[in-house]
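The values are calculated or read from the model by the stated rules, or taken from the named source; none is laboratory data. Fair warning: this is a prediction, and the values are worked out from it, not measured in the lab. Glycine gets a Cβ as well: all are built from the backbone with ideal geometry, and neighbour counts include every protein chain shown.
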Amino acid sequence: MEDEKHIPVLLDEVLRYLDPQAGETYLDLTAGYGGHAAKVLERTLEASRATLIDRDQNAIDYLSRQKTLQGAEIIQKDFLSASRELEGQKRQYNLILADLGVSSPHLDNASRGFSIRYNGPLDMRMDSRQELTADQIVNNYEEAELVKLLREYGEEPYSRAIAASIVANRPIADTHELADIIAHAVPRRRTHGPASKVHPATRSFQAIRLAVNDELGLLQAALPLWLSLLVPGGRIVVISFHSLEDRIVKQFFHEYSGDRYDAPLKRLTKRPVQASEKELAYNPRARSAKLRAAAKIKTTERES
Ligand SMILES: C[S@@+](CC[C@H](N)C(=O)[O-])C[C@H]1O[C@@H](n2cnc3c(N)ncnc32)[C@H](O)[C@@H]1O
């Protein structure tokens, strides 16, 4: 299973916008199973000038074993702490990539508790050293907190009914029990109607996952650091899988690339780039991926 790990999404587009050149430095903030990193390093030819970050132990172990990535600096941390540290060291990179969210192995490994399909513990931590788990949210959060979480992070229209049902059925033991409780809490048209191909617990699972890993908070706080970590002329690509994530990235790029004469960024994508039909045929996971890219403006460019 290890080697069919994770097909990198929007690979051609990542290479087009990063446009890696020989000798350039590379920061991969969510290196995962190294699919994008290996292709970027084929072009920069400088593994020793690359920094690969991930907060997941299995991803770090896998990256460390890859011959093509040998020589790269590999760091197990969340990207906000890692970015703070790199910024403190006054490091800068020509190329920065953040391919957000979970990897296929997260979803396929039942014991990590991310999946609705396979039964597993209520875990959902990307970094298993972290204290907060899905179990604590599902079994301990107040009903009002659950409603807020499901509504804000899951954009779940039945947040009240689902939260009430979760609280009434505590303690909830595992992902299948949670998925069943949610499915019974939503109206039948959601489970049997036109949208029924998507499991009725999908939005709730996503919301709980975002909360366990503080995914939106870390992204919001890290984006300004990524700007400082980019050399003038450097390129940054961010791929998101959730509308709330994409909104944060869009607003950030928009704010820093505005009409101001001293705007530090130039957007390379006006609209988010999405996967082609060709890619979707072999990687359905790419369906919700949205890529945005920008370049840091050189002072000389601004003057001309
Ligand atoms: C979509 S996968 C990246 C796949 C990678 N681009 C590849 O080609 O294999 C996202 C990865 O980012 C990691 N991740 C997500 N959020 C993170 C964060 N805040 N800090 C560090 N790693 C994170 C996850 O553990 C996961 O391995």
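Points worth noting:
- Considering the range 118-142, and only residues there that are charged (D, E, K, R) and in contact with a Ser or Thr (Cβ under 9 Å, 6 or more places away or on another chain), the residue that is nearest to the ligand (Cβ to nearest atom) turns out to be Arg125.
- Taking every residue in the range 84-106 that is in contact (Cβ under 8 Å) with a residue 60 or more places away in the chain and within 12 Å of the ligand (Cβ to nearest atom) and pairing it with any residue that is of a type in the set (Asp, Glu) and part of a strand (DSSP E or B), at least 6 positions away or on another chain, the pairs with Cβ-Cβ distances below 6 Å are Leu97/Asp28.
- Residue in the range 28-57 that is surrounded by the fewest Cβ atoms within 10 Å (Cβ to Cβ), counting only those that are within 12 Å of the ligand (Cβ to nearest atom), among the aliphatic types (A, V, I, L, M) and within 23 Å of Leu218 (Cβ to Cβ): Val40
- Number of positions in the range 21-50 that are within 18 Å of Ile239 (Cα to Cα), of a type in the set (Ser, Thr, Tyr) and touching a Ser or Thr at 6+ places or on another chain (Cβ under 8 Å): 2
- Within the range 1-14, restricting attention to residues that are modelled with pLDDT of 95 or more, out of contact with any Pro (no Cβ under 8 Å at 6 or more places or on another chain) and within 12 Å of the ligand (Cβ to nearest atom), the residue that is nearest to Asn94 (Cα to Cα) is Leu11.
- In summary, Ile75 fulfils each of the numbered conditions (1) touching a Gly at 6+ places or on another chain (Cβ under 8 Å); (2) closer than 21 Å to Ser128 by Cβ with the single exception of condition (1).
- The range 283-304 - residue that is of a type outside the set (Lys, Arg) and assigned to a helix (DSSP H, G or I) and, of those, modelled with the lowest pLDDT: Glu303
- Set Ala211, Ala263: member being outside any strand (DSSP E or B), surrounded by 19 or more Cβ atoms within 10 Å (Cβ to Cβ) and of a type in the set (Gly, Ala, Ser): Ala211
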